[in-house]
Structure formats: C-alpha cells, structure tokens
Amino acid sequence: MQSTLSFAADGRLLLKRKRPPADADNEGDEARKSVRPQPQQPAAVEADSSIAQGDLVDLTDQPSSDDDTGDRPAAAAAAAAVNRERPAAGSVSLMSRLRAAGSSSSADITVTVSPQDGSKERKAAAAATKRTIRASELPSVAPATLMQNVFSKQECDSLLRVLMGESTRWQQSSWWVFKKKHTTPRLSAYYLLNQDSHSSAAAEDAPHTQEHAPTDIEGLRNALPPLADLQPLRQKIEDLVHGHRSTHPHLYGRLPVDRTPDGQKEWHASYVLCNLYRDGQDCVGAHSDHLTSLGPRPLIVSLSFGATRRFRLVSRTEPKTTVTMMLKHGDVLFMWPPAQEDWTHEVPRMQSLAPHPTSRSQRISLTFRSHRHECFQQAPLCHCGNKSIMKATHQGKNRGRYFYSCSPIGEKKPCGFFQWTEWRFDQ
Ligand SMILES: O=C(O)CCC(=O)C(=O)O
Ligand SMILES: [Fe+2]
C-alpha cells in the first residue's frame, strides 16, 4: 500500500493511503493479500486522528533537567519534560501504524506555546496560559509545520554519515567589532542545488565591504558545488511544498514569490545552507533570515540530523508567543511566510544532550532556500555605495511594509539611507 502526505486547508497534515489496483488481487501473492487493507479501512487518515482527545500534556509543573541558556526557565522546564519523551496517550498504536505504512506522523512531537511579556504580572499570566500542543496543531500558532518520518531511518542515517564527512570542509564565519574578531559558534557551508543558481549568485556583483555583507550572497559566491546526495531531498521537499501551495494559495498570491530566479511559477530550492553544531555549546541566536536575497515572504525548509536540539520560534508582535520544540534526527520543519518577517528563530545552547548513536553530540541542519536574483538586484545602493538591506516593519502604522536601509555590521555607523519597497507582507 502506498502512502502520501499532503497538507489540509487548515495546515494540518493528511496521510493518504492508496490501495493497490483491483487487478493486483489476481496475482496470487498470498503474503501480500494477507496484509491488504480491509474494505472498511479509510482511504485517507488524518495523521493525528486517533489521538484527538485526552492527550494534551501540561508541562508547566515539570522540573527542569536542562538549563538551556538560562534566560527562559519556564520554557526550559517544559522542553526538558519534552526531552523525556512522555508518549501522548493513544499515540503509540497510531505511530506504529504510520511507520508500518512507511509514512509520516507528527503524533509524538510536543510543542510548548508560552506567551511572554516583560512585566512580572504579565509573565505570571503567561505562565498560567502556557500549554502544550501536538505538532499537528503547530500551524495554528505559528507559520510553521513540523513533519517526521518524511525520510526513512536508513536514508537519514546514511545522509548523516555523508554530511559528517562533508562537514570537515565547513567553516565558522567571522567578523570584526572594535578590533575584536567574532566567530559564529557553529560551522556552515552553502551548497548549490543546480548550476543556474550558481550563475545567478555569481552574477550578483553588488559592491560590499567587510561591514556590509550580511546577506547570503557572500556564502553563495563561495558555495560548494551540487552534492548528489541532496537531490532526492530537494525533490521530496519541493513536492511537499507544492502540495501545500495548492491548499494555501493565499500565502503565495499577491507577492512576487511565484517569480523564481529561473522564471518558473513553482517554488524551487536553489541552495542549501548547512550548519554543524558540534556540541551543546554551539548555537544560533534569535534571528530571521536575510530578506534581501530571499525576497519577500520567503520559505525556508530545515532538515535535522544527529543529536536532538531545541528550536525556538518567537513572535515579534504582541502578545509575544514563544514556541519551543525538540528537533530530532530526520525531522523536517517548514517555516512558511511570514515566519521570516514576523518571527525570530534560534537554536539555543544546551548544557546536556542525549548522544546520537552516530554523531554523538553533533547536530547537522540543512536549510533549503530559494535565491531571488531579481529581488536582490532591486535593492538600491545606500549612500555609502553599498547594497542596502531589506527588512520588514513589525509595528506602528507602517506594519506590514518592507524597507531598504543601510545596515552595517560592527562599529560602522549607518549612513541613514532609507527607502520603502513596493511590497507588503501582510496581504
Ligand atoms: O539549525 C537550524 O535548524 C537553524 C539554522 C538557521 O536558522 C539558519 O541557518 O539560518
Ligand atoms: Fe535562520
């Protein structure tokens, strides 16, 4: 029996099981006949349908066994409880059924949502409203979808081994602030997915200095050539994205998201930004990804391999919402628009990690992205003569608009350049 995954109109995952053609019954294969579905079995099963009631686990009172970055004790306590992987009631039989079908489920992923605010009273109120949701409910609180079992364990294990070998070529990025060199606490590399993306990245001749290169362009110029092992992943991810697009046209409709660099209508990943977190001390701080080269309302799909790490999404708008989840070997996280505009994401430090059998304390993430050549080209030069950076406005009367500005890194002062773009992210 074949299984396929797709997205329902409300963002949840649907597992569709395709029965074998009727004439397969005539092949005389007794073993196969014995495992065929009975006629009363549904052809389409919502991934979490059998755990619809009674399995919400409130983690508010769970003690913390992992001190996280120390800045969010409540979230750390909740995520530590997640670490213990208490299975949701009723989820086991569903999970085994789905695994047997070679397909995917989000049934045993726990997501903690905790609205936060500065004041003591608001924090107390937030703690009271903290709740745990199933991964299938994630799209109702954040523009994201978390999927498990998209790839088989063998595929994930063998890819992890390939990537660990590759990662000997990956590097820390560095920058200078007041004569002090800073380096990213992780190793990274860019891989092109096709030669088109190479020529479009190479064509980006925007001037920049050491202080003005905070886009993916520098990485793309130094990108490693396509890696054959990434192609099947790309194909699968694109299929899932196109399925989502057909049920969520409003996410893609009015902005130039459908004009990809190669002029095609569909979303195509053109490169992968890979990260290696060597141990729990490696991390990436709260950030959103560079819009200048990704364009408005971009989509980022991230795949996790090796050690389980905490991943956190925090809304930029009030009431602040924090979504904390544990990303495991083989998990696929889709950050849909407007996640890069309205939310930050981070992989915080963790004091203790459960070692992965192959990679021990190491986690590798692959983030599939689409480079938007024409968007990058549209960004004007600032008064310093460097490429301006595109950002989104989160509050006030201009909320929802994008603008270009001079955004140097390090000690250099911005030149004051400012220009609105023609796009909005809230339409
Ligand atoms: O490792 C991850 O899951 C996230 C990495 C990330 O945010 C980035 O590379 O921009
Ligand atoms: Fe990111």
Checklist entry - Net charge near S405, counting Lys/Arg +1 and Asp/Glu -1 over other residues with Cβ under 12 Å of its Cβ? => result +2
Checklist outcome for this item: With DSSP loop assignment and no more than 12 other C-beta atoms within 10 Å, the trypsin sites (Lys or Arg not before Pro) in the range 361-427 are K397
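Using a Förster radius of 25 Å, what is the FRET efficiency between F178 and H287 based on their Cβ-Cβ separation? Nearest 0.05, please. Please report the intermediate quantities before stating the final value.
Details: r = 21 Å, r/R0 = 0.85.
Between F178 and H287 the formula returns 0.75.
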Checklist entry - In terms of the Cα gyration tensor, with a ≥ b ≥ c the square roots of its eigenvalues, is the range 307-427 rounded because a/c is under 1.5, prolate because a/b exceeds b/c, or oblate? => result prolate
Item to check | Estimated FRET transfer efficiency when R0 is 60 angstrom, pair F403-K153 (beta carbons, to 0.05) | outcome: 0.85
Checklist entry - Going down the list K179/K413; K391/K413; K130/K153; K181/K413; K130/K391; K181/K328, which pairs span over 27 Å between their C-alpha atoms? => result K130/K153; K130/K391; K181/K328
Checklist entry - Once fully extended, how much extra length lies between V162 and N222, figured as 0.36 nm per residue of separation less the alpha-carbon to alpha-carbon distance? => result 19.6 nm
Checklist outcome for this item: Subtracting the Cα-Cα distance of Q395 and K120 from 0.36 nm times their residue separation yields 96.7 nm
Item to check | Estimated FRET transfer efficiency when R0 is 45 angstrom, pair D279-E422 (beta carbons, to 0.05) | outcome: 0.50
Checklist entry - Solvent-accessible area per residue for the range 376-424 at a 1.4 Å probe radius, Å²? => result 52 Å²
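Using alpha-carbon pairs under 8 Å, 6+ residues apart, how would you state the relative contact order of the range 376-424 in percent?
32 percent
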Checklist outcome for this item: Note: T129 to H383 extended length (0.36 nm per residue) minus current alpha-carbon separation gives 86.7 nm
Checklist entry - Counting Lys and Arg as +1 and Asp and Glu as -1, what is the net charge of the other residues whose Cβ lies under 14 Å from the Cβ of K391? => result +3
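The values are calculated or read from the model by the stated rules, or taken from the named source; none is laboratory data. No experiment lies behind these values; they were computed from the predicted model shown. Cβ: placed from backbone, ideal geometry, glycine included. Neighbour counts: every protein chain shown. When the accessible area is computed, the model is the full protein with side chains, heavy atoms only, and any ligands, DNA or RNA have been set aside. Shrake-Rupley method; radii C 1.70, N 1.55, O 1.52, S 1.80 Å.
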